[in-house]
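Every read-out reported here was derived from the displayed coordinates using simple, explicitly stated rules and does not represent laboratory data. Note that the coordinates shown come from a computational prediction; the quantities given were computed from them, not determined experimentally. Methodologically, a virtual Cβ is constructed for each residue, glycine included, from the backbone with ideal geometry; neighbour enumeration extends over all protein chains shown.
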Amino acid sequence: MKTLAIRFVANFADFLRHMRARWYLYAPVFAVWAFAYARVFIDPTPRVPVLFNWTPSLPYSVALVQYGPHTLRRGDYVVFAFAGEAQAAYPGLRGQPFFKIVRGMPGDALTVDGRIVAINGEFVGQAKTHAHDRRPLEPIAATVIPPGHYYVQGTSPDSFDSRYRASGLVRAEQVLGTVLPLF
């Protein structure tokens, strides 16, 4: 047992010498880890003008973000800080940036027939019954979209968006900026 501990310490010391001699290889790795840690645990708000999307919610992987207040129009791509009811079940979602399309504007009639969601009588999507982790999903309630709120949605049927009560409508103050998809 003692020789195993001595061998571990010796191997670890060799590894540290290797890292010190090749610090330029390890520095970017630790920088990325530090950035990811800060992004997940400290402040999820994106701070750079480039957005990388790795979800199937929208067909774009890279986009430019124009931060600040904007007059939103139907069809605009936006990034917003999540603040839906799902925060209780998924506390890691609080404040996380979501990238979606504005489909409904203040004053639009939002109707729900079973799980079919329509805006001003036009079909916009169907709400699934369960999330990937098998938790039940309730569709959003029928309403007229109030002032200062928007219905946002992704293009994927698996997108977690305004179709669901747990996500809900997005308030104007949640919108971080508009997005210009690149590819």
Just name the residue that is surrounded by the fewest Cβ atoms within 10 Å (Cβ to Cβ) out of those in region 148-164 that are closer than 12 Å to Gly104 by Cα and touching a helix residue (DSSP H, G or I) at 6+ places or on another chain (Cβ under 9 Å).
Gly148
Please give the number of the condition Ala141 fails out of (1) in a loop (DSSP other than H, G, I, E, B); (2) within 30 Å of Val62 (Cα to Cα); (3) among the hydrophobic types (A, V, I, L, M, F, W, C).
(2)
Candidates Pro146, Pro139, Pro157, Pro106, filtered to the one that is within 30 Å of Arg47 (Cβ to Cβ) and not β-branched (Val, Ile, Thr):
Pro106
